[in-house]
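Questions regarding the structure given below will be posed in turn.
Derivation of every value follows stated rules applied to the coordinates shown; laboratory data play no part. None of the values given here were measured: they were computed from a predicted structure. Here Cβ is always computed from backbone atoms with ideal geometry, including for glycine, and neighbour counts include all displayed protein chains.
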Amino acid sequence: MKKLVSIMLLMFLCSATFYCLAQESDITHISKSFTYRPIESVGDFNSPITAYISYGKVFIRYDEDKAEAFCRNIGKKYPFTGRMPIEVQGLAGDCASLTIADIGQDVNPVIAMSLTDGSVQILDFFNALSTGDLRCSLPLKGVSDVLWLDAGSVGDVDEDGNAIGGYVTIFGHDEMGKKYEIKEYNGIGSFYPASSRNGNLVLSFSRDWKLSCKVNGAIYSGRFSDTNFSKTNPIYSYVLTSSTIGSTTSKINIPGTFSLVITDENCNQAIFTPITGFPFSSALGKPVIVYTVYN
């Protein structure tokens, strides 16, 4: 009897081991480390970029000399001297998988990170180099249950269904085979209201869904996200998390919403409407014409 029990136990352990190995083989595409190699040099930057996961956190390595040259060419000071590897900030949980790929039609490395809860956050690499801001986006709206990420392409079509071009991007995949396109913010980057051409008020949005507001000597920073995915009247939610006045930076927590409707095809002008929460606006709900800032 004991011999029979032992045989049955051995068979169970073998089957359990096989099941675990089968499960692992099904998720070999989940990446804990990924190296991106740009297809061409951008501002003297042509270094491979490696991102890796360590205990749920994400770290990035690259050639610092190339990064310093890139910053110098755009008139910025390299912000991370002696800090290699640099750590991504603002993750909402432990990272489970990642990839790096271009989004758009240019060399534009974006680090996409899926968390253990299936949400996805992104970091625009060149934006981090140029600003020193290592915060990633908030978890992207409309993306859930993602197990792994990879690069792919999207083809654009006209009204008659004819191909008119396309772009490369990143996709998230769930266990049922559903695919999510990982999107950056692609609206106006920085702008000022028509009534503030003296520079007292400038609002800036990065492609990895970060925002800053410079007003009357103070700088408010935070992150934002699309709430309704409308092409005609997009509504965005945000949370401002810090304010800087002079050399003093304080933590804040100001949520709110706004709309930003681009009104010309070159993205030079838009209508900005603060809806809730903005600390600098006494005219919530009133549309304001805004113009692009060119640095």
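Provide the descending list of Cα extents for the stretch 33-182 along its principal axes, expressed in whole angstroms.
Cα spread of the stretch 33-182 along its principal axes, largest to smallest: 48, 38, 21 Å.
Follow-up question, since we're still on this one. Using label points projected 7 Å from each Cα along Cα→Cβ, tell me how many nm separate Gln269 and Tyr55, to one decimal.
Spacing of the two 7 Å Cα→Cβ label points: 5.5 nm.
Within a 10 angstrom radius of the beta carbon, how do Lys183, Lys32 rank from fewest other beta carbons to most? Numbers along the way, then the final one.
Values: Lys183 18, Lys32 12.
Lowest to highest Cβ neighbour count: Lys32, Lys183.
For Arg37, what is the net charge nearby, where nearby means another residue's Cβ is under 15 Å from its Cβ and Lys, Arg count +1, Asp, Glu -1? Spell out each step's value before the answer.
Working: positive: Arg61, Lys66; negative: Glu40, Asp63, Asp102.
Here the charged neighbours net out to -1.
Among residues other than Tyr52 whose Cβ falls under 13 Å from its Cβ, what is the net charge (Lys/Arg +1, Asp/Glu -1)?
Values: positive: Lys32, Lys57, Arg61; negative: Glu87.
Computed value for this residue: +2.
Now for a separate question. Excluding Ala96 itself, calculate the net charge of residues whose Cβ lies under 10 Å from the Cβ of Ala96, where each Lys or Arg counts +1 and each Asp or Glu counts -1. Walk me through the numbers before you get to the answer.
Values: positive: Lys32; negative: Asp94, Asp117.
Charge balance near Ala96 sits at -1.
Can you tally the lysine pairs in the stretch 33-182 where the Cα-Cα distance is under 29 Å and the two residues are eight or more apart, or on different chains?
Counting lysine pairs in the stretch 33-182 gives 10.
I've got another one for you. How much length, in nm to one decimal, is gained on full extension between Tyr78 and Val261, taken as 0.36 nm per residue of separation minus their Cα-Cα distance? Each step should come with its number before you reach the end.
Numbers: separation 183, 0.36 × 183 = 65.88 nm, distance 3.38 nm.
Difference between extended and current length: 62.5 nm.
Right, here's the next one. Would you mind checking which residues have amide H under 5 Å from Phe278's amide H? H placed 1.01 Å from N; only 5 or more apart, or other chain.
Thr257
Let me ask something additional. Taking the stretch 57-166, which chymotrypsin sites (Phe, Trp or Tyr not before Pro) meet the DSSP loop condition and have no more than 13 other C-beta atoms within 10 Å?
Numbers: sites: Phe59, Tyr62, Phe70, Phe80, Phe125, Phe126, Trp148; in loops: Tyr62, Phe80.
Taking the stretch 57-166 and a limit of 13 other Cβ atoms within 10 Å, no loop chymotrypsin sites (Phe, Trp or Tyr not before Pro) are found.
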